[in-house]
Amino acid sequence: MKRVITYGTFDLLHYGHINLLRRAKELGEYLVVVLSTDEFNWNEKKKRCYFSYEQRKILLEAIRFVDLVVPEDSWDQKRLDMHKYHIDTFVMGSDWIGKFDFLEEEGVEVVYLERTPEISTTQIKSNLKKLQLT
Ligand code: C2G
């Protein structure tokens, strides 16, 4: 059984995230999503999430492509994760292209999938702000 892994914040879950998760799952039979904790998001990405880690986890676990959701609390856990979850393929969106090629040293295939254009959590938040002003 081919095991795939991907990482992210997945706040205000949208069709760009779903496109990524669907294509990631098409690369194997089991998909692990490593979900950024609230602390990691704030300390490392300066992202303040609308939904908490627990709420974002519930949403992801409801997606039929997703088999397991575990916490991401450090930039440095990826090498270990490849072995901990017996991963064959690591997947990220193309905005990360090249950033995680080092994981090939852990014996995994590294795949970057085209981002879905025009949609992002930041875009959603700014559009909502504009709506409030009208
Ligand atoms: N994504 C996408 N298309 C979009 C938006 C996001 O394909 N329109 C992808 C991103 O490329 C990423 C995944 O969806 O692979 C999750 O996106 P984010 O929640 O923004 O994750 P990010 O902040 O990039 O965190 O250690 C890696 C980080 O945790 C990645």
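Which numbered condition in (1) more than 23 Å from T122 (Cβ to Cβ); (2) free of Cβ contacts under 8 Å to residues at least 40 places away in the same chain; (3) assigned to a helix (DSSP H, G or I) is the only one that M82 fails?
The single condition M82 does not satisfy is (2).
Could you list, ordered by first residue, the pairs with Cβ atoms under 9 Å in which the first is in segment 105-126 and near the ligand (Cβ under 7 Å from one of its atoms) and the second is of a type in the set (S, T, Y) and open to solvent by 90 Å² or more (accessible area, probe 1.4 Å), at least 6 apart or interchain?
T116/Y15; I119/Y15; T121/Y50
Open to solvent by less than 10 Å² (accessible area, probe 1.4 Å) and either touching a residue at least 12 places away in the same chain (Cβ under 8 Å) or among the acidic types (D, E) (or both): is that true of I63 in this structure?
On the way: open to solvent by less than 10 Å² (accessible area, probe 1.4 Å): no; either touching a residue at least 12 places away in the same chain (Cβ under 8 Å) or among the acidic types (D, E) (or both): yes.
Taking the combined requirement at face value, the residue does not satisfy it.
Here are the criteria: (1) within 27 Å of Y50 (Cα to Cα); (2) among the hydrophobic types (A, V, I, L, M, F, W, C); (3) loosely packed, with under 13 Cβ neighbours inside 10 Å. Tell me which single one W96 does not satisfy.
(3)
Quick one: is V66 within 13 Å of the ligand (Cβ to nearest atom), over 26 Å from S126 (Cβ atoms) and either in contact with a strand residue (DSSP E or B) (Cβ under 6 Å, 6 or more places away or on another chain) or aliphatic (A, V, I, L, M) (or both)? Walk me through it before giving the result.
Details: within 13 Å of the ligand (Cβ to nearest atom): yes; over 26 Å from S126 (Cβ atoms): yes; either in contact with a strand residue (DSSP E or B) (Cβ under 6 Å, 6 or more places away or on another chain) or aliphatic (A, V, I, L, M) (or both): yes.
Here the answer is yes, as V66 does meet what is asked.
Here is a list: E44, E39. Which entry is farther than 14 Å from L113 by Cβ and either part of a loop (DSSP other than H, G, I, E, B) or within 11 Å of the ligand (Cβ to nearest atom) (or both)? So that I can check it myself, show each step before the final result.
Working: E39 fails: either part of a loop (DSSP other than H, G, I, E, B) or within 11 Å of the ligand (Cβ to nearest atom) (or both).
Step by step, each of E44, E39 is checked, and only E44 is farther than 14 Å from L113 by Cβ and either part of a loop (DSSP other than H, G, I, E, B) or within 11 Å of the ligand (Cβ to nearest atom) (or both).
If I go through segment 99-127 residue by residue, how many of them are surrounded by 14 or more Cβ atoms within 10 Å (Cβ to Cβ), more than 14 Å from the chain's Cα centre (by Cα), assigned to a loop (DSSP other than H, G, I, E, B) and not β-branched (V, I, T)?
So the count comes out to 0.
Could you tell me whether any residue of segment 43-52 is more than 18 Å from K99 (Cα to Cα) and crowded, with 18+ Cβ neighbours inside 10 Å? Give the steps one after another, and end with the answer.
Of segment 43-52, the ones more than 18 Å from K99 (Cα to Cα) are 43, 46-52.
Of the ones still in play, those that are also crowded, with 18+ Cβ neighbours inside 10 Å are 49.
Within segment 43-52, one or more residues are more than 18 Å from K99 (Cα to Cα) and crowded, with 18+ Cβ neighbours inside 10 Å.
The values are calculated or read from the model by the stated rules, or taken from the named source; none is laboratory data. Remember, it's a predicted structure, so these values are computed and weren't measured experimentally. Cβ coordinates were reconstructed from backbone atoms using ideal geometry, including for glycine residues, and neighbour counts include every protein chain displayed. We work out accessible area using only protein heavy atoms, side chains counted, and drop any ligands, DNA or RNA first. Shrake-Rupley method; radii C 1.70, N 1.55, O 1.52, S 1.80 Å.
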